[in-house]
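*Asks:* Got a structure for you, written out below as structure tokens; questions coming shortly.
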Amino acid sequence: MNSGFPSLTGGHDDMEEGFWSSFSNVMMVILKIFLLVIIIMALNNRNLLDDLKHSVQAKETAQQEAELAAAKAQQSAAAAQKSAQVAEFQLKANSTLEEQLDYLQQRSAALEMDLLRSRATTEEARATNTSKDAELARLQALSSTQADTLGLRDKAIQELQITLESKETDMAGLRTKVDESEKKLLSMQGEYTELDQKYQKLLKPARSAKGKQVVEVVYTKSGYSIRPPGEAASRSVTRAALESELGALKAQHSTDLYVKVIIPNNSGLSYNEAWRFTSDMLSKYDYYAAP
């Protein structure tokens, strides 16, 4: 029965339904806002994490570069210290190296002279051997021309056999002399010091370029060249021009002129030719041969 008043029951239900509908909408909005905030925070955290990784990597790279620079600096310091030690040692050694070098040059020059002399002797022995071989060939030819009869041929053969034995004996003697010369040449370096000391006592001081005016003379099969003191390069000259220049230098420098004779390995000269030229130049113009 409707007494004219609104139904309290029906109104209550409508109000409750409207309340929960509004509450759901508000919670939905709050949830969306919450999710949005979480997403933004996650993105920020990820960016911060990336920045942190980059910072750590940059720090490690800088630390490695600093360690590498420190190692290089230590190596440079060690190298500089070692260079200073080497320079100091070299400075101390230089005072004696010049004297040692001068003495070795003197020994080398003397050994070269002895070697040329020995090779010249060997070449003469070989020339003698060649002449004996030619004599043997001549005897063989003579034997063939005189072999008209069996008796003459047998006699010539016997004489030839005797000659051959004699030649072989001579050749064996020459080979022995050549071997002895080579052995003496090999032992000469070891004995040179003692011989040089005795020689110094008997004669005058050893030949040396120290403090002298050095003129270089080069001799090959193709000609001559000379480099006077003070000139940077050698120049080709004739034998007459060479003798003239050396004579002028001898007159100018007298006992201060050191003649350095150079015979290249590919000069094409025999040992006798090289030895005769060297001896001639030194005896005429070198200070060592001056009266």
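*Asks:* Within 10 Å of each residue's Cβ, count the other Cβ atoms and sort V259, V237 from fewest upward.
*Replies:* Values: V259 24, V237 16.
Exposure proxy ranking, most exposed first: V237, V259.
*Asks:* How much of the calculated P(r) for the stretch 110-156 lies past 18 Å, in percent of all Cα pairs? Can you show the working numbers first?
*Replies:* Values: 594 of 1081 pairs.
Of all Cα-Cα distances in the stretch 110-156, 55 percent exceed 18 Å.
*Asks:* Listing V261, V37, V215 from the residue with the fewest other Cβ atoms within 10 Å to the one with the most, what is the order? Write out the running numbers ahead of the final one.
*Replies:* Working: V261 21, V37 10, V215 25.
Ranking V261, V37, V215 by Cβ neighbours within 10 Å, fewest first, gives V37, V261, V215.
*Asks:* Mind putting together the pair-distance distribution for the stretch 34-86? All Cα pairs, 5 Å bins, whole percent per bin, short to long.
*Replies:* Result returned by the calculation: 4, 17, 10, 12, 8, 10, 7, 6, 7, 5, 5, 3, 3, 2, 1, 0.
*Asks:* Which entries of K155/K177; K132/K155; K177/K284; K210/K250; K177/K260 show an alpha-carbon separation above 24 angstrom in the structure shown? Each step should come with its number before you reach the end.
*Replies:* Values: K155/K177 33 Å; K132/K155 21 Å; K177/K284 32 Å; K210/K250 17 Å; K177/K260 31 Å.
Beyond 24 Å between Cα atoms: K155/K177; K177/K284; K177/K260.
*Asks:* With just the Cα atoms defining each centre, how far is the stretch 113-157 from the stretch 208-284? Give it in Å.
*Replies:* Going from one Cα centre to the other spans 39 Å.
*Asks:* Work out, step by step, the length gained on full extension between L68 and Q85: first 0.36 nm times the residue separation, then minus their alpha carbon distance; give nm to one decimal.
*Replies:* Values: separation 17, 0.36 × 17 = 6.12 nm, distance 2.55 nm.
Using 0.36 nm per residue and subtracting the Cα-Cα distance, I get 3.6 nm.
*Asks:* Taking just the alpha carbons, could you work out the radius of gyration and Dmax for the stretch 213-289, both in angstroms?
*Replies:* My reading of the Cα-based Rg and Dmax gives 11.8, 33 Å.
Read-outs: derived from the displayed coordinates by stated rules, not from any lab. Since we're looking at a predicted model, the values are computed, not measured. Please note: Cβ atoms are built from the backbone with ideal geometry, for glycine as well, and neighbour counts cover all protein chains shown.
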